[in-house]
1. Has the stretch 95-102 got any residue that is open to solvent by less than 20 Å² (accessible area, probe 1.4 Å) and away from ligand 2 (no atom under 15 Å from the Cβ)?
2. Would you check if Val299 is touching a strand residue (DSSP E or B) at 6+ places or on another chain (Cβ under 7 Å), β-branched (Val, Ile, Thr) and either open to solvent by 30 Å² or more (accessible area, probe 1.4 Å) or under 21 Å from Gly69 (Cβ atoms) (or both)?
3. Tell me which of these Val275 doesn't satisfy, since it passes every other one: (1) loosely packed, with under 13 Cβ neighbours inside 10 Å; (2) outside the structural domain of Gly69 (by TED's automatic domain parsing).
4. Taking His55, is it open to solvent by 10 Å² or more (accessible area, probe 1.4 Å) and either within 16 Å of ligand 2 (Cβ to nearest atom) or closer than 28 Å to Leu315 by Cα (or both)?
5. Which pairs do you get when a residue that is touching a residue at least 24 places away in the same chain (Cβ under 8 Å), found in the stretch 236-249, comes within reach of a residue that is open to solvent by 10 Å² or more (accessible area, probe 1.4 Å) and of a type in the set (S, T, N, Q), reach meaning Cβ atoms under 8 angstrom, with the pair 6+ apart or on two chains?
6. Identify all residues within the stretch 165-187 that are away from ligand 1 (no atom under 11 Å from the Cβ) and touching an Asp or Glu at 6+ places or on another chain (Cβ under 7 Å); write none if there are none.
7. Could you tell me which of the residues Glu50, Glu73, Glu118 is closer than 27 Å to Asn31 by Cα and free of Cβ contacts under 8 Å to residues at least 24 places away in the same chain?
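The values are calculated or read from the model by the stated rules, or taken from the named source; none is laboratory data. Model, not experiment: these values are computed from the prediction. Virtual Cβ from ideal backbone geometry, glycine too; neighbours counted across all protein chains shown. Surface accessibility is based on the protein's heavy atoms, side chains included, excluding ligands, DNA and RNA. Shrake-Rupley method; radii C 1.70, N 1.55, O 1.52, S 1.80 Å.
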Amino acid sequence: MDNILSGIKPTGQLTLGNYIGAIKNFVKVQNEGESFLFIADLHALTLPIEPQTLHDNSRDIAAFYLAAGLNPEKANIFLQSDVAAHSELAIILQNYLYMGELSRMTQFKDKSAKMKEEAIGLGLFTYPVLMAADIVLYDSKRIPVGEDQVQHVELARDLVKRFNNRYGETLVMPKAEVAKVGARIMSLSDPTKKMSKSDPKGDVYLKDSVDVIRKKIMSAVTDMEAKVHYDVEKQPGVSNLMTIMSSLTGKSFEQIEKEFEGKGYGDFKRAVADVVIAELAPFKERYEQIVKSGKVDEVLAKGAKRANEIASKTLVRVQKAVGLYHK
Ligand code: ATP
Ligand code: MG
């Protein structure tokens, strides 16, 4: 069984996009191999963040992982910063990725677009180096991610190829796994933009109350076409709502179109809200219980112990390969 790896940055409150594009898939695959699901707190430092916010968001993501159904007996849930090998390996691997390819990364271009060059932290630029280290440390072949992270996984693949060509078979080749539907949930208020937790208008947050979720979905941007039809170019808002519904119910776009033929957007949005609430409501309760139970720190400690075991072995393998290990 292949190892599985993925992470989420504690940069803000988790969104419906994080749930559909990432967490839901983690739960699905947790019995198919050993999973390493970390909270990417080092990555969260690539943009300004308050220390307390970083700390609180990190625990919060762990609690949501558990509430969503991840079993800490099977999946290793841990903080990236609890495993020093991530940082150590990144320092080595940075020598096998190049300025040109890093500057072509969409995430870097997006996140630095409005910043002055003097204000762009190096960590934002070298983000894919640390991400490549995250991936290869656990010999994981399967990397379940949303669409926006595929480019980074591809870069990690290039790096593995480059490294293994130079030093012999040392690193395991990873592959991104992207859900057929829901790998890129768009913002409800601007369906041309990805829903993102670091965006203040991040739209639906997993922590939102049922009433707030319903209100946000009912006021989602649609169009004048007045028909429930999948067409990303002409009807991005409606298509996004269809994607949300499809990914949570398994219904195809054709089925949804048929179901809402002749009906208005009001009816359709009400149905989408029902589906989202039915999915999220039960685990919101579990989330509250988990936070109260104080279980999160225990789970993170257990996860870090196992992660350190595997990661330190990979690090030694790389150190030996490049000639750094003398013991
Ligand atoms: P940030 O704004 O800080 O980049 P984010 O919401 O983009 O936050 P990440 O921590 O960057 O979240 O990504 C965590 C996981 O969630 C990744 O696998 C990413 O591909 C996935 N993801 C993020 N946004 C979406 C989205 N809108 N639709 C589907 N998947 C998403
Ligand atoms: Mg992101």
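1. yes
2. yes
3. Condition not satisfied by Val275: (1).
4. yes
5. Pro236/Thr192; Gly237/Thr222; Val238/Thr222; Leu241/Thr222; Ser246/Ser252
6. Val172
7. Being closer than 27 Å to Asn31 by Cα and free of Cβ contacts under 8 Å to residues at least 24 places away in the same chain holds for just one of Glu50, Glu73, Glu118, which is Glu73.
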